[in-house]
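Participant: I am attaching a structure below and will ask some questions about it afterwards.
The values are calculated or read from the model by the stated rules, or taken from the named source; none is laboratory data. Just so you know, these numbers come straight off a predicted model, no measurement behind them. Positions of Cβ are backbone-derived with ideal geometry, glycine not excepted, and every protein chain shown enters the neighbour counts. When the accessible area is computed, the model is the full protein with side chains, heavy atoms only, and any ligands, DNA or RNA have been set aside. Shrake-Rupley method; radii C 1.70, N 1.55, O 1.52, S 1.80 Å.
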Amino acid sequence: MRIANVTNRLTIVTEEGAVDVAAASGGRFGPDPQSVYDEWEPFVGWARTADLSSSAPFDFDALGSPVPRPRQVFAIGLNYVNHAKESGLPVPSVPMVFTKFPSAITGPSGTIELSGNSVDWEVELVAVIGAEARNVSEADAWEHVAGLTAGQDISDRQVQLEGTSPQFSMGKSFEKYAPIGPWLVTTDEFENPDDLRVSCLKGEESVQDSRTSDLVFSVPQLVSYLSKIVTLYPGDVIFTGTPEGVGLGRSPQIYLSEGDVLTTTIEGIGSMVHKFVSPVNEETPKKIRDEAEEATSGAAAR
Ligand code: ZN
């Protein structure tokens with residue numbers, strides 16, 4: 001089953017089109033896409049036998065994030081061996097966890113304003129929690145996952161890595177730096193949810209192409225690990241890490257610039273497409289710093 005957010009309404013996407021859940025369930029389930037995870041088991045039970053014939057066509061542009069307001073967003077760094085290598089860092093012995101703040105979440109299409117000139121791409125498989133998880137074993141972990149979707153862990157490398165004790169969370173939380181979509185696919189739809197192709201195109205060029213079977217810590221391992229420290233709530237999101245091929249790991253390094261189009265694809269789920277633009281709002285910290293630097297160097301030249 002594909003769970004989508006169409007114009008901020010909870011929707012099931014079928015072969016025929018979009019089925020509005022609030023309408024099809026006679027109000028049993030509300031229109032808010034985020035609320036469904038709090039009632040995940042009854043919802044899946046209802047959907048299995050529901051009449052989903054009243055579908056309507058919908059535009060890709062009308063899709064929002066299938067998880068618009070998670071309470072917690074976890075992201076995992078260096079979770080593919082070859083990505084750790086290209087980053088010049090050792091493969092972690094325990095999951096390396098940071099957050100993308102939920103205000104950075106956006107849907108599977110549209111434009112994203114660049115925060116600076118070192119903005120990088122990271123295709124990632126995203127797991128969404130469907131049942132509260134506390135001290136869950138690896139064997140039971142998939143039962144706490146509602147489904148899988150695609151994510152982009154857009155990263156401003158300068159902001160991510162600056163400071164003497166760098167933290168990753170701020171450089172990865174600019175507005176719209178956490179696209180999720182195009183929809184959530186329930187785990188029963190995958191022949192093997194632990195082995196999916198993840199790929200990313202910059203324009204026509206393939207920049208990332210790997211499989212989730214290469215994850216250092218698999219989805220069940222991550223759910224189990226996180227749940228031994230924090231409670232995972234229904235609707236929480238885990239960005240599972242990116243494979244090799246990011247701009248930071250190249251020589252010379254390549255970053256996103258105005259007009260670039262990123263296509264983010266995960267096998268069995270679908271694709272997201274985003275276009276990058278220069279900031280309209282010039283209040284971002286990087287922009288302010290650049291202007292300050294320019295003013296300073298200009299003054300020195302004079
Ligand atoms: Zn990442």
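Participant: How far is the Cα center of the range 230-281 from the Cα center of the range 64-121, in Å?
Facilitator: One Cα centre to the other: 7 Å.
Participant: Among the trypsin sites (Lys or Arg not before Pro) in the range 190-257, which ones are in a DSSP loop with at most 16 other Cβ atoms within 10 Å of the Cβ? Mind listing them?
Facilitator: Working: sites: ARG197, LYS202, ARG211, LYS228, ARG250; in loops: LYS228, ARG250.
Listed in order of number, the matching sites are LYS228, ARG250.
Participant: I'd like the distance between the alpha-carbon centres of the range 25-47 and the range 123-141, rounded to an integer number of Å.
Facilitator: Using only Cα atoms to place each centre, the spacing works out to 19 Å.
Participant: In debye to the nearest 20, how big a dipole does the range 73-295 give about its Cα centre with +1 on each Lys and Arg Cβ and -1 on each Asp and Glu Cβ? Could the numbers behind the result be given before it?
Facilitator: Values: 15 positive and 33 negative charges, 75 e Å.
My answer is approximately 360 debye.
Participant: For the chain, count the residues as N, evaluate 2.2 N^0.38 Å, and divide the Cα radius of gyration by that value, please.
Facilitator: Numbers: Rg = 19.7 Å, N = 302, 2.2 N^0.38 = 19.3 Å.
The value comes to 1.02.
Participant: Hey, another quick one. Only Cα pairs under 8 Å and at least 6 apart count here; give the relative contact order of the chain as a rounded whole percent. Let's see the in-between values first.
Facilitator: Values: 722 pairs, mean separation 71.0, N = 302.
Rounded, it is 24 percent for the chain.
Participant: Using the per-residue mean of other Cβ atoms lying within 10 Å as a proxy for protection, in what order, highest first, do the peptides 57-68, 81-92 fall?
Facilitator: Working: 57-68: 18.8, 81-92: 14.8.
Top to bottom by mean Cβ count within 10 Å: 57-68, 81-92.
Participant: Near the amide H of GLU113, under 5 Å away, which other amide H atoms are found, from residues 5 or more places off or on another chain, if H is placed in the peptide plane?
Facilitator: VAL277
Participant: Just to be sure I follow the rule: in the chain, considering lysines 8 or more places apart or on different chains, how many pairs have Cα atoms under 24 Å apart?
Facilitator: 23
Participant: Quick one: net charge of ALA56's neighbours, Cβ under 14 Å, K/R +1, D/E -1? Spell out each step's value before the answer.
Facilitator: Working: positive: ARG9; negative: GLU15, GLU16, ASP20, ASP59.
Once positives and negatives cancel, what remains is -3.
Participant: Only Lys, Arg, Asp and Glu count, each charged at its Cβ (+1, +1, -1, -1), so figure out the dipole size of the range 74-183 about its Cα centre, rounded to 20 debye. Kindly include the intermediate steps, with their values, before the conclusion.
Facilitator: On the way: 6 positive and 13 negative charges, 25 e Å.
That gives a dipole near 120 debye.
Participant: Just to confirm the filter: which GluC sites (Glu not before Pro) across the range 87-126 are DSSP coil and have at most 14 other Cβ within 10 angstrom of their Cβ? Don't skip to the answer; put the middle values down first.
Facilitator: Working: sites: GLU113, GLU122, GLU124; in loops: GLU122.
Of the GluC sites (Glu not before Pro), not one in the loops of the range 87-126 has a Cβ with at most 14 other Cβ atoms within 10 Å.
Participant: Rank-order 19-30, 177-188 by packing density, defined as the average count of other C-beta atoms within 10 Å over each peptide's residues, highest first. If you can, show how the numbers build up before the last one.
Facilitator: On the way: 19-30: 16.4, 177-188: 23.8.
Per-residue mean Cβ counts within 10 Å order the peptides as 177-188, 19-30.
Participant: What is the set of long-range amide H partners of MET96 at a cut-off below 5 Å, with H atoms built 1.01 Å from backbone N?
Facilitator: GLY77
Participant: Please give the per residue accessible area of the chain, computed with a probe of 1.4 Å over protein heavy atoms only, in Å².
Facilitator: 44 Å²
Participant: Could you derive backbone 3J(HN,Hα) for the range 145-152 from the dihedral phi with the Karplus parameters 6.51, -1.76 and 1.60 (θ = phi - 60°), listing whole Hz in sequence and x where the residue is Gly or Pro?
Facilitator: With coefficients 6.51, -1.76 and 1.60, one gets 9, 6, x, 10, 8, 9, x, 10 Hz.
Participant: Can you give me the pair-distance distribution of the range 1-119, C-alpha pairs, 10 Å bins, whole percents?
Facilitator: In whole percents, the pair-distance histogram is 12, 32, 27, 19, 10, 1.
Participant: In whole percent, how big is the carbon plus sulfur part of the accessible area of the chain, probe 1.4 Å, protein atoms only? Walk me through the numbers before you get to the answer.
Facilitator: Numbers: 6690 of 13410 Å².
The computed percentage sits at 50.
Participant: Hey, can you grab everything whose amide H is under 5 Å from the amide H of ALA146? Only 5+ residues off in sequence or another chain; H modelled, so Pro and N-termini drop out.
Facilitator: Here VAL128, ILE129, GLY130, ALA131 satisfy the definition.
Participant: Shifting gears a bit: Could you work out the helix-only [θ] at 222 nm for the chain, with each DSSP H run of four or more residues adding -39,500 (n - 2.57) and the total divided by the number of residues, to the nearest 500 deg cm²/dmol?
Facilitator: Values: 7 runs with 55 residues, N = 302.
Rounded to the nearest 500, the figure is -5000 deg cm²/dmol.
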